[in-house]
Every structure is written in C-alpha cells, then in structure tokens.
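Quick notes on the structure that follows.
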Amino acid sequence: MRKLLLSLVLTVLLVCGYAQNGIKVRKTASGSQAAISERSISSRFNQGLRHYYTAQYEDAMQSFSGILADAPKHAPSYFMLSRIYVERQQFTEAENALKQAVKLDKNNVWYQVALARMYVSNGDYKAASPMWEKICREIPDNVEFLTYLTTCYAKTGASEKAAEIQSRLDEMTGHETVDEHSDRDNASGESGGFKAQGLAALKAQQYGQAVAFFESALREDDTDYDLWSAFAEAVAKSGQWRKLTDFEEDLSTLFPQSSALLAALADAFLHDSHPDKAVEYYRQALAFAFDADQIKSIRKGLYEAYTQMGDAENAARYR
C-alpha cells in the first residue's frame, strides 16, 4: 500500500511539474510574441515618421493607419495622423484624431496642449477653457499656457476668472497683456509671423536674429517640426548652444524618434561641455537614423563625446 501511495504521489508531482513547465513555456512564448509585436509596431511607426518628415504624407498615412488596424490603442499614431490631416487642411479629421490620442493617453500633456491650441485656432473657446485649466494645473508657471487660459476666459465671458489670471500674469516680469498677445498674434499672421522672419534671417546668415525670431515662433507653436529644425540650424551656426539645451524636455517629449533633432540636441550638449548627455542623445538618434551621412555624423559625435569623457575604449568603437 505504501509503495502504491508513494507511486501515486510521485506521479502527481511529475504531472504537476510537466504542467508547470508547460505553463512556463507558454508564458515565455506569449511574452516573446508580445515583444516581437511591440518591435514590429515600433519599426512601422519609425517608418511612418520617416515618411512624414520627408513630406511623403500618403505613405505616412498608410503606416500609421496600418498600425491602428493592428493596435487600435496606439495613441502616438493618432497624434501623427492629426498632424498629417493638418498638413492636408482637413481640420475636422485632425481634431478627431487628436481627440483619440488624448483619450487613449490621458497623461500626455502635449497631446492636450495640441488639442487645446486647435480649439483656440477654431475659435471654440468654450471647449478650450477646461483643457487649458487642466493643463495649467499640471504646468502652473507657463506664461503661454496661462495667456491662452486668460484669453479663453475673456472670450467666454468669465471676466472675473480672466482678471484673476491676468493679475497673476502681470506679476511675471515683462509679460504682455491678453490684448497685446492678441494684437501680436494678428500682426504676426498678417506679416507671415516670427517663423517667416526667422527663415529670412537664416537665409541672410543673420543667425543671432534668426534664433530670436524662432524662439518667439516656438512660444506660439512648439509642435512644428520644420520650425524646430530651422531653430536647431540657427543655434548651431550662431554657437548659442544653450538655447537648444534649454529645450531638452520639449524636444525629447515631442520628437522622441526624430534622429535629426535628437542629434542636434546631442551636438548642443557636446559643445556645451556635457558629453555624457551628448552620448545619451547620440545613441537615441543612432537608433532611428537611416541616412548614411546622418549615421556617419552621429558616429563622429559619439567619438568626440567619448573622447571628452576620457573613455578611449568606447571612443575607438566610433573612430
């Protein structure tokens, strides 16, 4: 009897062991499949970004739409679709895509900022007000965002709230009033805006002036990729590297997979004597680079950064 019981116990243990091993195998396989799927989506998203940044909007549309067919909750694809729709002047579609991005990624404040700005551009101050309120609670000391909120309050008849925020703004040194902000917006719209003036200064090789104009343009719209690219070029040619490193958080948040802008940020940190930060952004840029000249430039930057750090072993890898 004892032998029979012992045999039964051993059989059960063996079966349980095989079952557990089977579960582990299945879990591992499932995890591997998820990882493969994630890498596939990341690769397709990067391809979509390449199409978008080279103005191949139809191909970019297919990339992001294809991702959403397989991963309907991929908020970054909705965000990029909204930008494509804006390029095509399809503002209703852009707004709907942006709403989806905000809905799926409620913690991404930059999606919220883009949608709130869109509401203001469309004159929908009633919809914009609660969004700017939320944004200003999360980022309480941003002058531009508070100005938008004040404008929304003024446009919707909430005069007491507008006055309260305006008093707060007046305490911030050198800040303009809401009326001045509106007048500047109207004036810039008529004259082509700060971006156009910056591009003209850049073309005339007046790099310091170009940087100043681009900074003003970025305060109005910091989601414009071409504007950031021109700003980075002006910074590099004027040697005002700190101007770009000050925007580290904005750039890394808005364009986390743009090889060109990440490399520009790395260049700025390298010239500003922060080789460790330069290495961080060069390595990110290298992961998304696809142009041979760009890859060569990034590898050169990595060599110089590691050399500054006294890391001869890693520097030799990029010689």
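Where a number appears in this text, it was derived from the coordinates with a stated rule and is not lab data. What you are looking at is a predicted structure, and each value in this text was computed from that prediction instead of being measured. Methodologically, a virtual Cβ is constructed for each residue, glycine included, from the backbone with ideal geometry; neighbour enumeration extends over all protein chains shown.
Within a straight-line Cα-Cα reach of under 19 Å, Lys300 can be paired with the following aspartates and glutamates, leaving aside sequence neighbours fewer than 8 residues apart in one chain: Glu233, Asp267, Asp272, Asp276, Glu280, Asp291, Asp311, Glu313.
Based on alpha carbons, the Rg and Dmax found for region 240-319 are 11.7, 33 Å. Taking Cβ atoms as reference points and 9 Å as the exclusive limit, the residues near Phe269 contribute a net charge of -4, counting Lys and Arg as +1 and Asp and Glu as -1.
Against the compact-protein benchmark of 2.2 N^0.38 Å, the Cα-based radius of gyration of region 97-146 scales to 1.05. The lysines within cross-link reach of Lys155, meaning a Cα-to-Cα straight distance under 30 Å and a gap of 8 or more places when in the same chain, are Lys99, Lys103, Lys106, Lys126, Lys134, Lys195. Of the trypsin sites (Lys or Arg not before Pro) found in region 71-141, those that fall in a DSSP loop while having at most 14 other beta-carbon atoms within 10 Å are Lys73, Arg88, Lys106.
By the beta-carbon count within 10 Å of each Cβ, the least crowded to most crowded order of Phe91, Phe194, fewest first, is Phe91, Phe194. Rg and Dmax, both from the Cα atoms of region 185-239 and both in Å, are 10.2, 32. Cα centroid separation, region 273-319 to region 214-236: 24 Å. Positive contributions from Lys and Arg (+1) and negative ones from Asp and Glu (-1), summed over other residues with Cβ under 13 Å from the Cβ of Ala260, come out at -4. Near Arg242: Cβ cut-off under 13 Å, other residues only, Lys/Arg at +1 and Asp/Glu at -1. The net charge is -3.
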